[in-house]
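For reference, the structure is listed below as structure tokens.
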Amino acid sequence: MTRRVVVTGLGVVAPNANSVSGFAQALREGRSGLRFIPKLQELEFGCRVAGVPQDVDAIAARYFDADELLAMNSNHRYGCIAALDAWTDAGFARPERSDPHVYWEAGAVLGTGVGGLDTAGERLVPYTDSGRVRRLGSTIVEQIMNSGVTARLSGLLALGNQVTSNSSACSTGTEAILEGAQRIRMGLAERMLCGGSEGSSHYVWAGFDAMRVLCRNFNDAPERASRPMSASAGGFIPGSGAGVLHLESLQSAQARCARIYAEVLGGAVNCGGHRGGGSMTAPNPDGVQRCIRAALHDSGLVPADIDAINGHLTATGADPKEVGAWARALECTPERLPPITSTKSMIGHCLGAAGGVECVASILMLDGGFVHPSINCEDVHPEIAPYAASIPHEVRAMPQLRTIIKAGFGFGDVNACVAFRKWSTTDH
Amino acid sequence: MTHQEVFQKVVGVLKPYVKNEAALSNVSEATNILDDLKVNSARLVDVVLEFEDLFEIQIADADADKVDTVGDAVSLIEAKLS
């Protein structure tokens with residue numbers, strides 16, 4: 001059984017906007033959400049810039065009650081706000097707590113890359129190490145367990161289908177969308193909230209800083225610090241937030257006359273096996289190309305169908321290799337590469353949330369007929385120079401934009417790639 | 001501290017955990033913390049920690065396990081304070 005899957009709702013909490021409409025506007029403007037973080041200076045991080053969603057506490061106070069907030073760290077707040085927004089954007093009301101109805105046909109695959117290290121760093125470790133285990137209270141486990149966000153969400157929305165949290169480093173959010181879509185395709189669910197979330201914490205970012213994979217050269221110019229595809233790219237900027245798609249069977253969406261943003265045509269996940277140049281931290285280029293080609297095949301697309309690429313593109317030395325991999329997988333000469341852009345240029349690398357947030361960006365570009373700018377690469381990397389015409393430095397209006405492809409790659413040499421097509425009434 | 005003051009402070013500690021707001025507005029010493037106020041049973045350990053901090057007392061697990069109603073909590077705290 002293979003059924004068509006569509007996107008009927010979006011939710012996003014990002015460093016440059018906390019609403020879907022605000023995020024669409026920020027993307028068009030090329031607005032950076034990256035800021036100087038005094039705590040990172042105090043702790044002598046090399047990188048002192050990060051992407052942190054703003055004014056989330058005010059939203060959280062409206063969305064959650066006091067008991068819930070006592071057990072919701074930043075990862076939980078971002079993930080649940082984005083998921084609730086996607087649910088309501090799809091036309092569903094939040095259920096009352098007293099309503100016994102369970103949505104057996106609706107579930108969630110919402111992943112996280114690192115998870116609740118703020119809870120671990122601020123409470124679990126110091127309390128445990130000082131012999132105060134009893135003082136930890138009851139709220140630690142649900143905030144540090146990998147499935148904590150979906151565990152909370154299932155209660156907020158009375159979800160009765162599969163509720164789980166995947167984890168595949170920086171491909172987590174994209175993988176989650178493919179997992180949920182697959183479940184709907186197979187007829188095992190009608191609706192799935194899918195994407196990723198990642199909290200804001202120096203404990204999450206410290207290990208990356210120690211690896212020297214974060215940018216250290218733009219601490220005094222935060223908005224210019226994330227520089228994918230540029231010659232001056234010196235590492236990524238850590239971000240945080242959440243992005244969630246409300247996926248639905250076409251059958252269910254049409255039966256309730258839902259607004260349809262786009263169709264999930266298909267996708268693929270794989271691993272490069274740490275061979276052929278791949279490692280814990282670098283992708284096997286053959287694995288990347290295979291993943292993209294498999295996504296095209298699964299989607300019933302040929303390379304010429306692709307109108308735009310939302311790359312992984314983090315602002316490390318891997319960017320030139322990635323651009324080359326896209327060109328080879330799409331079998332095109334440099335001058336024929338479709339427009340290619342990096343959402344991370346504005347929000348940094350949101351790790352486990354990256355795929356979710358950037359898939360929301362991809363859907364918004366389809367919906368609005370534009371490709372957002374990839375900022376801070378006025379000095380295009382020499383190895384990417386042959387593709388320079390494909391990089392939008394300002395918003396590029398593309399009313400003909402119909403099919404967009406999005407990929408995410410992660411530590412462990414894992415890859416995920418998904419293709420979306422703008423919905424039009426002739427697709428019935 | 002008067003009996004009424006202890007009662008009010010106990011209700012104040014319970015307030016953020018209460019899932020049944022209506023029951024809170026009619027709260028009395030006979031009100032059952034789990035059944036009436038619909039406090040999640042897992043959160044009772046947090047409530048006990050807050051009692052300890054607020055009243056500067058120690059509450060053994062065995063004593064905490066005997067608390068069912070708001071009045072039980074008030075009596076336990078008063079016994080520790082005296």
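The rows are residues; the columns are (1) buried (at least 18 other Cβ atoms within 10 Å of the Cβ); (2) in a helix (DSSP H, G or I).
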{"position": "A:Arg216", "(1), (2)": "no, no"}
{"position": "A:Ala258", "(1), (2)": "yes, no"}
{"position": "A:Leu265", "(1), (2)": "yes, no"}
{"position": "A:Gln289", "(1), (2)": "yes, yes"}
{"position": "A:Ile309", "(1), (2)": "yes, no"}
{"position": "A:Leu313", "(1), (2)": "yes, no"}
Query - Inter-residue pairs, beta-carbon under 6 Å, first farther than 25 Å from A:Ser197 by Cα and in segment A:117-133, second assigned to a helix (DSSP H, G or I), 6+ apart - result: A:Tyr127/A:Arg135; A:Tyr127/A:Leu136
Report task. Return yes when B:Asp46 is within 14 Å of chain A (Cβ to nearest Cβ), of a type in the set (Asp, Glu), surrounded by fewer than 17 Cβ atoms within 10 Å (Cβ to Cβ) and outside any loop (DSSP other than H, G, I, E, B) and no when it is not. Result -> no
Query raised in the report: Do you know which residues across segment B:1-43 are of a type in the set (D, E, K, R) and outside any helix (DSSP H, G or I)?
Result: B:Lys19, B:Glu29, B:Asp35, B:Asp36, B:Lys38
Query raised in the report: Within the group A:Ala120, A:Ala71, A:Ala93, A:Ala151, which residue is under 22 Å from A:Val360 (Cβ atoms) and not charged (D, E, K, R)?
Result: A:Ala93
Report task. Go through (1) out of contact with any helix residue (DSSP H, G or I) (no Cβ under 8 Å at 6 or more places or on another chain); (2) surrounded by fewer than 20 Cβ atoms within 10 Å (Cβ to Cβ) and name the single condition A:Leu178 misses. Result -> (2)
Requested in this report: Within segment A:102-138, count every residue that is assigned to a helix (DSSP H, G or I) and within 21 Å of the chain's Cα centre (by Cα).
Outcome: 2
Query raised in the report: Just checking, which of B:Val10, B:Val6, B:Val18 is within 14 Å of another protein chain (Cβ to nearest Cβ), among the hydrophobic types (A, V, I, L, M, F, W, C) and surrounded by 17 or more Cβ atoms within 10 Å (Cβ to Cβ)?
Result: B:Val18
Query raised in the report: Which of the helices (runs of 4 or more DSSP H) contained wholly in segment A:1-98 include at least 1 residues that are more than 22 Å from the chain's Cα centre (by Cα)?
Result: A:38-42, A:56-63, A:66-69
Query raised in the report: Restricting segment A:53-97 to residues that are touching a residue at least 60 places away in the same chain (Cβ under 8 Å) and among the hydroxyl-bearing types (Ser, Thr, Tyr), which is nearest to the other protein chains (Cβ to nearest Cβ)?
Result: A:Ser74
Report task. Please go through segment A:356-374 and pick out each residue that is within 20 Å of the chain's Cα centre (by Cα), part of a loop (DSSP other than H, G, I, E, B) and farther than 20 Å from A:Cys170 by Cβ. Result -> A:Pro373
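Bear in mind these aren't lab numbers, they're just calculated from the coordinates by the rules spelled out. Owing to the predicted nature of the structure, the values given are computational and were not obtained by experimental measurement. For neighbour counting, all protein chains shown are included, and Cβ atoms are generated from backbone atoms with ideal geometry for every residue, glycine included.
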